[in-house]
Amino acid sequence: MSGTNPEPWYRRTLRWGQTNLTEADPVRYDTEWWRGYWRRTQVQGVIVNAGGIVAYYPSRYPLQRRAVSLGDRDLYGDVVRAARDEGLVVIARMDSNRADEQFYVEHPDWFAVDAAGEPYRAGELYLTCINSPYYSEFIPSVLVEIIERSQPEGFADNSWSGLDRNHICYCRYCVDGFRRTNGLDLPRRVDWDDPTYRAWIRWSYASRLAVWDLNNEWTTKAGGPDCLWIGMNGGRVEDQSVRLRDYKAIGERSPIVFLDSQRRSVAKGFQANADSGKLIHDLVGWDTMVPESTALYNAGEPTFRLGSKPAAEARMWALEGFAAGIQPWWHHIGAYHEDRRQYRTAESLFRWHAANERYLVDRSPVATVGVIWSQDNVDFFGRDDADQQTASPYRGIVNALLRARIPYRVIHADNVDREAAGLSALVLPNVGALSDDQCAQLRRFADGGGGIFATGETSRYDENGTPRDDFGLAGLFGAHATGTHHGSPSVPEATWASWSRHTYLRISPELRADVDGPIIGTEPVVDSDRHPVLDGFGDTDILPFAGRLEVVRTDDGTEAPLTLVPPFPIYPPEKSWMAAPRSAVPGLVLRSVPGGGRIAYLPADLDRCYDRDKQPDHGQLLAGIVRWVAGDDIPITVDGPGRLDCHVFAQGATRIVHLVNLTGAGDGPMDQHVPVGPLRVRVRVADSVVPATARLLVADTAAPAAADGEWVEFVVPSVTDHEVVVLNG
């Protein structure tokens, strides 16, 4: 393959495999079986354990400990030679963040220490310091040795970034480096209110980027311009933050991203994988490859490294990745397994990918809604409670979009001017930390006719987490912060009297006088229509809330179709009536701006509530607000049963529709699929496209397609786990 395709390896390699070697494998690696497995799964590249904590080749560096069963064998070299015979790209895998006691005894100053001078340890191993010669001298020398022995195309390292942000290193390299850069002593503890700790966070990000740049300097010098050191990175920004990895800066350095995001959690669902793909492609571009380590072992909670993950669970995670431009990469722990079910999962998935790869890369998303994020928001606003402060509102929004079958893109707050062209609306789910420049970009988007939907404390703080006197976007919202709020994002079950436990939002105007039900004569007269964001709620005058609400002052020219109903008891039932049935406290603020943009500000944290409670009313309302601020400009509609994640892509005039069926994805590992259909799909296409048929790549059939102006309509009879539909003229 490498001899016929002039593209560099990071552009041409679309399917990957990794047998993550254990120290027992040098005496049990069955080379011929694994070569056959490579062929059956049609991989084009392999990731092979080389060195770091454990060496799988006879290194000339005694402190790089050999695997216990290696002896004089060069297992790494044997696997590389077999891969070369198969025409595969080879990536040498490192694991560089720790070493054994012998190494520590000889170089104790290269290891991370706590405030008392005691070394940080992980089991029997010692954690190395990112700012020590271990990273600046020893690891580069190992990289060069590996290049001289085997000429790998590049390197990966899944534990490359050292200590996390909850563990400060006080070794002399950190003390001197921080003082030299900031003129300060290291912070003595984790304290987000301490400006020295916040300065240490930014300095720590820079330290990791320095390692990234240094490793690439050495590998490209020794192995050529395409011999890149790529590290590995996670799929969740919160995890990247804890590990002090600046995702945006890493993306700017990366012609490929090795994504180490192996499984779903119940709270985030399979759809989190597609969301990760969107976020990463926002950083690196949609023409960049993002292979993802998909565990075929049981990587759930608890983790069973040697047991097989149910095939349906592994497939769904990978399929959500396909739908957002992620490439497949099977991953086994160890070279020999007694539970052999895991060997059967990858083949059909990878063969389908190979047969249809031309529709899975080199394409751009078709979406009119963008969801804003930034790592500063996770760090300096989310702080130690980022899951509640930033991740939960974000999940609430994107899951409401999924429920409503609204495709979206993920846009970094720095990139609005550059990336938001063609979008009709931007959503800011509790993006509390925004810089002045980021606020200015959002105002320009609205002035140009774009819709803005912001929630919670969005723009209440600057990029360092310092509170402003008012929202940075107060003029845009038509709402001003008072510095007070009602309720809490966390609702303990036993706290019956909690402000946020039993609250509602009142809908105006109230319609119950015209809705079937008891009439007592005090119902308000219906004298106006409801705002379109409330479509679908005609039979109710209240919505459940049970969350946090920012108390704001509103400007003239705004309207508040939702207001707070103050709390009242849940228990005993005899007390469950509204002693104060209404208030003037806004729960939703709407306005239009002169350039045509529609603005919605949601003081009530229904995004966080939807993530927590999964109340259908909350999801419906959030989607209704998005549709309104977007001017109903949504490029696809899908009618039919089931829970579907819907994506649209363009390849020139061709449109590619991914439908991922999440129906039946419950709390435990997924072991069967629930087919849904028929589905009636309408897709907006380019003017030059009038397809007569829609090609269904999974069903391997065609369906009639009817044109209606700029829209094309077709029926998908059934979807088991996914379907990919191609429309071209």
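The values are calculated or read from the model by the stated rules, or taken from the named source; none is laboratory data. Note that the structure is predicted; figures quoted are calculated from it, not measured. Here the Cβ is made from the backbone with ideal geometry for all residues, glycine too, and neighbour counts use every protein chain on show. With ligands, DNA and RNA removed, areas are computed over all heavy atoms of the protein, side chains included. Shrake-Rupley method; radii C 1.70, N 1.55, O 1.52, S 1.80 Å.
How much accessible area per residue does the stretch 189-248 have, in Å², with a 1.4 Å probe? Don't skip to the end; give the middle numbers.
Values: 2220 Å² over 60 residues.
Averaged over the residues of the stretch 189-248, the accessible area is 37 Å².
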Counting only the heavy atoms of the protein chains, how much of SER241 is accessible to a 1.4 Å probe, in Å² to the nearest 10?
0
For the stretch 381-386, Karplus-derived ³J(HN,Hα) couplings (6.51, -1.76, 1.60; θ = phi - 60°; whole Hz; x for glycine and proline) come out as 9, x, 6, 7, 10, 4
Listed by chain and number, the aspartates and glutamates with an alpha carbon less than 14 angstrom from that of LYS614, same-chain partners under 8 positions apart left out, are ASP605, ASP667
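Give a quick list of trypsin sites (Lys or Arg not before Pro) in the stretch 140-223 that DSSP marks as loop, anything other than H, G, I, E or B, with at most 12 other Cβ atoms within 10 Å.
Numbers: sites: ARG149, ARG165, ARG172, ARG179, ARG180, ARG188, ARG189, ARG198, ARG202, ARG208, LYS221; in loops: ARG165, ARG188, ARG189.
Filter output for the stretch 140-223: ARG188, ARG189.
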Which one, TRP229, PRO255, SER276, is farthest towards the positive end of the dipole of the stretch 226-286 when Lys and Arg carry +1 and Asp and Glu -1 on their Cβ?
SER276
Each residue of the stretch 118-127 in order: what ³J(HN,Hα) in whole Hz does its phi give by Karplus 6.51 cos²θ - 1.76 cosθ + 1.60, θ = phi - 60°, with x for Gly and Pro?
8, x, 6, 10, 10, x, 8, 9, 10, 8
Under the definition of Cα pairs under 8 Å and six or more residues apart, what whole-number percent is the relative contact order of the stretch 618-694?
32
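Scan the stretch 112-189 for GluC sites (Glu not before Pro) in coil per DSSP, keeping those whose Cβ has at most 16 other Cβ atoms within 10 Å, and list them by number. All intermediate terms of the calculation are to be shown ahead of the outcome.
On the way: sites: GLU124, GLU137, GLU145, GLU148, GLU153; in loops: GLU124, GLU153.
Answer in residue order: GLU124.
Seen from all sides and averaged, what is the projected area of the convex hull of the Cα atoms in the stretch 1-64, in nm²? Working shown, then result.
Working: hull surface 23.8 nm².
So the mean shadow area of the Cα hull is 6.0 nm².
Mind jotting down a quarter of the surface of the convex hull over the alpha carbons of the stretch 468-624, in square nanometres, one decimal? Let's see the in-between values first.
Numbers: hull surface 42.7 nm².
Taking a quarter of the hull surface, the average projection is 10.7 nm².
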Using protein chains only and a probe of 1.4 angstrom, how many square angstrom of HIS107 are accessible, to the nearest 10?
50
What order do SER348, SER261 take when sorted by accessible area (1.4 Å probe), most exposed first?
SER348, SER261
Based solely on C-alpha atoms, express the radius of gyration and the Dmax of the stretch 153-303 in angstrom.
17.1, 49
About the Cα centre, charge dipole magnitude for the stretch 232-286 (Lys/Arg +1, Asp/Glu -1 at Cβ), debye
140
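Can you pull the Kirkwood radius for the stretch 360-502, inverse mean 1/r over Cα pairs, to one decimal in Å? Can you show the working numbers first?
Details: mean 1/r = 0.0622 Å⁻¹.
Kirkwood radius, the stretch 360-502: 16.1 Å.
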Vicinal HN-Hα couplings computed from phi for the stretch 429-443 (Karplus, 6.51 cos²θ - 1.76 cosθ + 1.60; Hz; Gly/Pro x):
x, 6, 7, x, 9, 9, 6, 4, 5, 4, 4, 5, 5, 5, 5
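Over the stretch 373-461, what percent of the accessible surface lies on carbon and sulfur atoms, probe 1.4 Å?
Details: 930 of 2280 Å².
Accessible surface attributable to carbon and sulfur in the stretch 373-461 totals 41 percent.
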Can you list residues from other chains, or at least 5 along the same chain, whose modelled amide H is less than 5 Å from the amide H of VAL565?
TYR504, LEU505, ARG506
Scoring the chain by relative contact order with C-alpha pairs under 8 Å, at least six apart, yields a percentage of 10
Considering only protein heavy atoms and a 1.4 Å probe, what is the carbon-and-sulfur percentage of the accessible area of the stretch 596-729?
47
Estimated FRET transfer efficiency (HIS480, VAL361; beta-carbon r; R0 35 Å; 0.05)
0.15
Any residue on another chain or 5+ positions along whose placed amide H is under 5 Å from the amide H of ARG460 is listed here as GLY472
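Report, for the chain, the % of DSSP beta bridges that are antiparallel, rounded to 5. If you can, show how the numbers build up before the last one.
On the way: 67 of 113 bridges.
Antiparallel bridges: around 60 percent, rounded to the nearest 5.
Over all distinct alpha-carbon pairs, what is the Kirkwood Rh of the chain in angstrom?
Working: mean 1/r = 0.0362 Å⁻¹.
Hydrodynamic radius (Kirkwood, Cα pairs) of the chain is 27.6 Å.
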Given H placed on each backbone N at 1.01 Å, which residues far from PHE111 in sequence or on other chains put an amide H within less than 5 Å of it?
CYS129
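Can you sort GLU338, GLU118 by 1.4 Å-probe accessible area, starting with the largest?
On the way: GLU338 170, GLU118 110 Å².
Solvent-accessible surface, decreasing: GLU338, GLU118.
Normalised by the residues of the stretch 78-136, what does the relative contact order come to in percent, with Cα pairs under 8 Å and at least six apart?
Numbers: 52 pairs, mean separation 17.1, N = 59.
Averaging sequence separation for qualifying contacts and normalising by length gives 29 percent for the stretch 78-136.
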At q = 0.13, 0.21, 0.23 Å⁻¹, work out log10 I(q)/I(0) for the stretch 1-119 with the Debye formula, treating every Cα as an identical point scatterer and leaving solvent out; two decimals please.
-0.61, -1.12, -1.26
When all protein chains stay in place, what accessible area (Å², nearest 10, 1.4 Å probe) is found for ASP85?
110
